[in-house]
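The values are calculated or read from the model by the stated rules, or taken from the named source; none is laboratory data. Keep in mind that this is a model prediction, so the values were computed, not measured. Positions of Cβ are generated from backbone atoms using ideal geometry, with glycine treated the same way; all protein chains shown enter the neighbour counts. Each accessible area value is taken on the protein alone, full model and side chains, heavy atoms only, with ligands, DNA and RNA left out. Shrake-Rupley method; radii C 1.70, N 1.55, O 1.52, S 1.80 Å.
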Amino acid sequence: MENQITVQNGNTPDGYSLAAVNGGRNGDGSALIFLGTGCSSAVPNVRCLIQPSDPPCPVCSQSLSIPPDRNPNYRCNTSLLIDYCSVEGIHNYIIIDVGKTFREQVLRWFTFHKIPRIDSIILTHEHADAILGLDDIRAVQPHSPTNNIDPTAIYLTQYAMDSVAQKFPYLVQKKLREGQEVRRVAQLDWKIIEEHYDKPFVASGLKFFPLPVMHGEDYLCLGYLFGEKCKVAYISDVSRFPSNTEYVISKNGAGQLDILILDCLYKTGSFNVHLCLPQTLEALKRICPKRALLIGMTHEFDHHKDNEFLREWSEREGINVQLACDGLRVPIDL
């Protein structure tokens, strides 16, 4: 993972270049690919561009002069693609969340990393930045005017299922009403995660353990723990960890994580439904993963400058933590 760490520290000759460092598909093993690392409204912040401040927002104004593939401050909605290579050498492609920017992420990063398809989808919750790309799943499925294709498995809670059925009834409906025309839509095989969230499920050959977390005190969201050789936890939307969940992912609990991918909305202060940097760093000291990659950032974060601060924090605290960036590929033995 040395190349990826170099990207995060901004030490490449031109400051940042996924093309130079990642080189597209890098090896034949498993990998984590960050399709999006930004907040719900994404970065750049539109208001910063249509009503610029004086001086302009330094992070958002970069989007007007630096192409997204060379700009680590260009962030789509949080989404992770797991390129899982089985012991037989077969690759399966699993996505966690398909938000409002899903189509852009496919165009940019599926092509760059040579991702040919999606085998299964896992949802953390039913907010817009996690599910509004569901309609675009049809773009990566085989073309069939009559929808005569194998559906893509999608794992979600019953609460999320009820919400999706209201927002996208045509993606859930199984039978045509009398006189209704066949329309080409995404074909999805809905699989409900058991309500108590204490049982794992297997998606495309990889086992996942649901991790219930609070996303505001009135809303339960799921993170996921996966990997047998290396343990990875993905927690994109969290304001507080229930004690059972924190125990499962903590070094002083069930065992140390190899990688924790964790929510970090604002640079200072606090927020009622997300962790901000001060709370994120406190959580990292409690959980103590071997490595942490932060996601969900607003335009307050400048990738290179804030990763320099995090590098110093990492050396002081003994926990390797950096901001992730869109397009980052992390090889890992799952």
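Assorted remarks:
- Placed amide H near ARG75: partners under 5 Å, 5+ positions off or other chain: VAL43
- A cut-off of 5 Å between modelled amide H atoms, ignoring neighbours fewer than 5 places along the same chain, links ALA186 with ARG138.
- The chain - percent of accessible surface contributed by carbon and sulfur, probe 1.4 Å: 50 percent
- All distinct Cα pairs of segment 247-334 go into the 1/r average, and the inverse of that average, the Kirkwood radius, is 13.4 Å.
- For the chain, the Kirkwood estimate of the hydrodynamic radius, built from every pair of different alpha carbons, is 20.4 Å.
- Per residue, segment 19-120 exposes 43 Å² of accessible surface when a 1.4 Å probe is rolled over the protein heavy atoms with every protein chain present.
- Three principal axis lengths of segment 231-287 [C-alpha, angstrom, descending]: 30, 19, 17
- Summed side-chain charge close to GLN141 - residues other than GLN141 whose Cβ falls under 13 Å, Lys, Arg +1, Asp, Glu -1: -2
- Less than 5 angstrom separates the built amide H of PHE271 from those of CYS276, all sequence-distant by 5 or more or on a different chain.
- What segment 149-215 shows is 62 Å² of accessible area per residue, with the surface traced by a 1.4 Å probe over protein heavy atoms.
- Unpaired by the 4.7 Å Cβ criterion, cysteines found in the chain: CYS39, CYS76, CYS85, CYS221, CYS230, CYS264, CYS276, CYS288, CYS325
- For segment 136-200: Kirkwood Rh in Å [reciprocal of mean 1/r, alpha carbons]: 13.2 Å
- Here the Karplus curve 6.51 cos²θ - 1.76 cosθ + 1.60, taken at θ = phi - 60°, turns the phi angles of segment 122-128 into couplings of 10, 9, 7, 6, 10, 6, 4 Hz, with x standing for Gly and Pro.
- Principal axis extents of the C-alpha atoms in segment 185-334 (largest first, rounded to whole Å): 43, 36, 34.
- Backbone geometry of segment 157-165 corresponds, through the Karplus equation with coefficients 6.51, -1.76 and 1.60 at θ = phi - 60°, to 3J(HN,Hα) couplings of 7, 5, 4, 5, 4, 4, 5, 4, 4 Hz, x marking Gly and Pro.
- P(r) of segment 106-263 over all Cα-Cα pairs, binned every 10 Å from zero, in whole percent: 9, 34, 34, 17, 5, 1, 0
- For segment 72-89, Karplus couplings with θ = phi - 60° (6.51, -1.76, 1.60), whole Hz, Gly/Pro x: x, 8, 8, 10, 8, 4, 4, 6, 10, 9, 9, 8, 9, 9, 6, 5, 7, x
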